[in-house]
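One structure is given here, and the rest of the page talks about it.
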Amino acid sequence: MKVGVPRALLYYKYFPLWETFFSELGAEVVLSSPTNKRILNLGTEAAENEVCLPVKIFYGHVISLKDKVDALFIPRIVSVEGGAYTCPKFLGLPDMIRALDVDLPQIISPTFNLKLGLREFYRSVYELGGFFTKNLFKIVMAFQKGLNKLDSFENLLHDGHLLNEALAGRFFPAPKGRLRIGVVGHPYNIFDQYISMNLIERLQKKGIKVLTAEMVEEEVVDKIVTGLQKKLFWTYEKDVVGAVFHWLDAKSVDGIIYVLSFACGPDSLIQILIEHEAKQQGFSVPIMPIVIDEHSGEAGLVTRLEAFVDMMSRKVGSEKS
Amino acid sequence: MKLTFPHMGTLDMVLSDLFSRLETDFIIPPKTSVKTVNLGTKHAPEFACFPLKVTIGNLIEGLEAGADAVVMVGGIGPCRFGFYAEVQNKILRDAGYDFEMIVLEPPTTDIKDFMKKCKKIAPKKTLWQIFQAVRVGWKKAVAIDEVEKKVLKTRCFEKNFGDTTAMHKKALAVLGKAITPREIQMARDKALSVIDGAKKDFENNPLKIGIVGEFYVLLEPCINFDIERYLGQKGIYLERSVYLTDWISFSKKNPVMGLSNDEVAKAAKPYLSHFVGGEGQATVGHVVKFAEEGFDGVIQLLPFTCMPEIIAKSVLPKIHRELDIPVLTLVIDEQTGRAGIITRLEAFIDLLWSKRKKKLSIVG
Ligand code: SF4
Ligand code: SF4
């Protein structure tokens, strides 16, 4: 059986787990190609206008993949830890795709909700495995193997490797320059080179060392977010806030670039937390938000990056002398 | 301490009643206006959802009018509403306002904290007295909603343009004065009969439209261009998916709207099988219900960037294909103009009439 996985959204978080799990159960995993103009157009045509860009792109990947596979894997990932949700869009994603007016293959969409506890979670794992085998033991083993894969993937990130390199399993030496920039935002924005317009590569070409939220250790993030006045109830935004607050506090980067999706719900409010904190810290580390939508142009990005990097170099230069 | 709070439909009436019972000092911010929206837009992030912008405007106007404390409710997600209070607090402080922020988180999260906050709001009262005040105030709130519901359903039959709206004002005034439970009961009956006072012509067979969407834009006529009044005066029979007390109530029954949350979720299931925060699943469920009940069409109000409503909107095409019910989505934010809304409403009404005529001619 050919199982299609759209190369979008939570692919950037969990693909090593999914791939291992499916292959262990004898399925062939088919990944859509990296985002390109055609995929973007397919997505923007099919999705409602108000939908955020990453979800539109997801639509595009689904449509580009649908005729090549026997089933599409579109899980409903409600919660990945007790006490917090993902984004509402992930709660509705399978239904949104099913509402499309196109012929779709079977959609495999188990619900994963850790808010309901581990038992429910594993029930979903069995349900998912049940599509491929009736052998419970095999399912458990496959899932365990998947988790191990996910672990080693995440370890690579904590060790300072970039997510796209860790996913591809190909690593390049980091630039040796003096400047360090923290880049935060949803991984499906930052590491989709088409969406981010090669943001990271552009910085690296300037000799800048790029740090991302994935590299900040979990304990550090946990400590910061538990210290917040109001508990954050979006898991992935915790990582963003944790990383930025940590960098601001430790002054371990020379500047921060915050990538947001236009019309993203969580981003719009997290932005306030970040700006408030930066203000409290006297703006000692410059922050630049970059808002991305389907009309973002490369020229604008290049100019803004240049200006930001120039400012930082001057600042670092004057501090050193 | 002088409390202020954001506007949301008749919420100011409900809270004034409650705070008076509690002997708490408060200031009602000026009615939501263009100025309010501008203030909010200036201070809130660009793609924050629209209700956040408007309520920030309300709070600024309340603080400017002399309040030194804000009361808000919190939440636990997944939609943004649960984070409003936190963000409002940060934005207002960054803008230079000094005040106390009292956030009532759901009592299920931390009952002790909830009681502490209640005492803070009403220092002169015991918890028991607070409970009693809420209980009686609640009755009044339900009565206010019942009146509103009746207005929605009967405005289309009025003989003299504007009668119903005038009577609505009168009815609310009657209710406003009621204090004891007995008085509230009597005022409720009186208020409902006041609405009947508007002369009606029940002969016509009006178009029936259901209104669904995010609760804030549904409940606040100041930002939804009072489309319910507009449609009613165009002779359209209206039903709405949520009333203030339905939204506040912790129980799964909706005292005013009538359907329970479970019934609505069940209706939504084939199209949106999981809750998505806010009103998302309810919106879908109500569209299905309205279709089943033979309504001619549905209007969805969607605050710009509202996640649950966008999800709902994304599954509507499927409902349209299967149940053949036209849905008009109106996206509302600070840039929405009344003229554009009216044009779209008129076109929608025309569409519904011609659809109905076609149906009749097929049957006939
Ligand atoms: S987190 Fe933001 S960008 Fe991601 S799916 Fe949700 S709304 Fe879209
Ligand atoms: S329901 Fe929509 S508008 Fe209301 S708080 Fe949630 S995201 Fe914002």
Residues of the stretch B:111-152 being closer than 30 Å to B:Thr164 by Cβ and of a type in the set (Phe, Trp, Tyr), which ones?
B:Trp138
Can you go through A:Tyr188, A:Tyr236 and tell me which one is among the aromatic types (Phe, Trp, Tyr), within 13 Å of ligand 1 (Cβ to nearest atom), touching a Phe, Trp or Tyr at 6+ places or on another chain (Cβ under 9 Å) and not assigned by TED's automatic domain parsing to the domain that holds A:Leu150?
A:Tyr188
Pairs needed: first member in the stretch B:199-222, without any contact (Cβ under 8 Å) to a residue 24 or more places away in the chain; second member anywhere, not hydrophobic (A, V, I, L, M, F, W, C); C-beta distance under 6 Å; at least 6 residues apart or different chains.
none
Give me the residue from the stretch B:320-339 that is more than 8 Å from every other protein chain (Cβ to nearest Cβ), more than 22 Å from the chain's Cα centre (by Cα) and assigned to a helix (DSSP H, G or I) and, out of that set, farthest from B:Ala268 (Cα to Cα).
B:Ala339
Scan (1) part of a strand (DSSP E or B); (2) aliphatic (A, V, I, L, M); (3) touching a Gly at 6+ places or on another chain (Cβ under 8 Å) for the single condition A:Ile107 breaks and write down its number.
(3)
I need the full set of residues from the stretch B:41-70 which are among the hydrophobic types (A, V, I, L, M, F, W, C), buried (at least 21 other Cβ atoms within 10 Å of the Cβ) and more than 16 Å from ligand 1 (Cβ to nearest atom), in order please.
B:Ala44, B:Val54, B:Ile56, B:Leu59, B:Ile60, B:Leu63, B:Ala67, B:Ala69, B:Val70
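Conditions tested, residue by residue: (1) among the acidic types (Asp, Glu); (2) at pLDDT below 95; (3) surrounded by fewer than 15 Cβ atoms within 10 Å (Cβ to Cβ).
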{"position": "A:Val244", "(1), (2), (3)": "no, no, no"}
{"position": "A:Ser252", "(1), (2), (3)": "no, yes, yes"}
{"position": "A:Gln271", "(1), (2), (3)": "no, yes, no"}
{"position": "A:Ser284", "(1), (2), (3)": "no, yes, yes"}
{"position": "A:Leu301", "(1), (2), (3)": "no, yes, no"}
{"position": "A:Met311", "(1), (2), (3)": "no, yes, yes"}
{"position": "A:Lys315", "(1), (2), (3)": "no, yes, no"}
When residues of the stretch B:254-295 are filtered for being within 14 Å of chain A (Cβ to nearest Cβ), over 25 Å from B:Leu207 (Cβ atoms) and in a helix (DSSP H, G or I), how many remain?
3
Output for Cβ contacts, cut-off 8 Å, separation at least six or different chains, first residue within 18 Å of B:Leu219 (Cα to Cα) in the stretch B:54-83, second of a type in the set (D, E, K, R) and at pLDDT 95 or above, reads B:Val54/B:Glu220; B:Gly57/B:Lys35
Condition test on A:Tyr194, is it within 16 Å of the chain's Cα centre (by Cα), away from chain B (no Cβ under 14 Å), over 26 Å from A:Lys238 (Cβ atoms) and within 16 Å of ligand 1 (Cβ to nearest atom)?
yes
Give me a count of the residues in the stretch A:25-51 that are more than 15 Å from A:Ala99 (Cβ to Cβ), within 16 Å of ligand 1 (Cβ to nearest atom) and part of a helix (DSSP H, G or I).
2
Filter the stretch B:75-92 for residues that are within 7 Å of chain A (Cβ to nearest Cβ), out of contact with any helix residue (DSSP H, G or I) (no Cβ under 7 Å at 6 or more places or on another chain) and on the phi < 0 side of the Ramachandran plot and give the result.
B:Gly82, B:Glu86
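Conditions tested, residue by residue: (1) within 16 Å of ligand 2 (Cβ to nearest atom); (2) more than 13 Å from chain B (Cβ to nearest Cβ); (3) within 24 Å of B:Gly82 (Cα to Cα); (4) free of Cβ contacts under 8 Å to residues at least 60 places away in the same chain.
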site	(1), (2), (3), (4)
A:Arg38	no, yes, no, yes
A:Leu42	no, yes, no, yes
A:Gly60	no, yes, no, yes
A:Asp70	no, yes, no, no
A:Ser79	no, no, yes, no
A:Cys87	yes, no, yes, no
Which of the following residues is more than 9 Å from chain B (Cβ to nearest Cβ), in contact with a helix residue (DSSP H, G or I) (Cβ under 8 Å, 6 or more places away or on another chain) and basic (Lys, Arg): A:Lys115, A:Lys13?
A:Lys13
Among the residues of the stretch B:230-252, is any within 14 Å of chain A (Cβ to nearest Cβ) and away from ligand 1 (no atom under 16 Å from the Cβ)?
no
Given (1) in a helix (DSSP H, G or I); (2) more than 13 Å from A:Phe21 (Cα to Cα); (3) touching a residue at least 12 places away in the same chain (Cβ under 8 Å), where does A:Leu156 come up short, assuming only one miss?
(3)
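Yes/no per residue for (1) within 14 Å of another protein chain (Cβ to nearest Cβ); (2) under 30 Å from A:Ile39 (Cβ atoms); (3) surrounded by fewer than 22 Cβ atoms within 10 Å (Cβ to Cβ):
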| residue | (1), (2), (3) |
| --- | --- |
| A:Leu179 | no, no, yes |
| A:Glu214 | no, yes, no |
| A:Asp267 | yes, yes, no |
| A:Glu277 | yes, no, yes |
Taking A:Ala263, is it under 28 Å from A:Val55 (Cβ atoms), of a type in the set (Gly, Ala, Ser), within 21 Å of the chain's Cα centre (by Cα) and at pLDDT below 90?
yes
Can you find even one residue in the stretch A:217-232 that is within 16 Å of ligand 1 (Cβ to nearest atom), surrounded by 19 or more Cβ atoms within 10 Å (Cβ to Cβ) and at pLDDT 90 or above?
yes
Which residues, counting only those in the stretch A:99-108, are crowded, with 18+ Cβ neighbours inside 10 Å and at the interface with another protein chain (Cβ under 9 Å from one of its Cβ atoms)?
A:Ala99, A:Leu100
Quick one: B:Gly294 ticks every box in (1) over 24 Å from B:Val151 (Cβ atoms); (2) surrounded by fewer than 17 Cβ atoms within 10 Å (Cβ to Cβ) except a single one, so which number is it?
(1)
Counting only residues that are in contact with a helix residue (DSSP H, G or I) (Cβ under 9 Å, 6 or more places away or on another chain) and more than 9 Å from chain B (Cβ to nearest Cβ), how many does the stretch A:279-306 have?
16
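Tell me which helices (runs of 4 or more DSSP H) are completely within the stretch B:17-100 and hold 3 or more residues being within 15 Å of ligand 2 (Cβ to nearest atom) and touching a Pro at 6+ places or on another chain (Cβ under 9 Å), or say none if there are none.
B:50-64, B:84-94
The values are calculated or read from the model by the stated rules, or taken from the named source; none is laboratory data. Predicted model, so just to flag it, every value in this text is computed and none were measured. Counting neighbours? That spans all protein chains shown, and the Cβs are built from the backbone with ideal geometry, glycine included.
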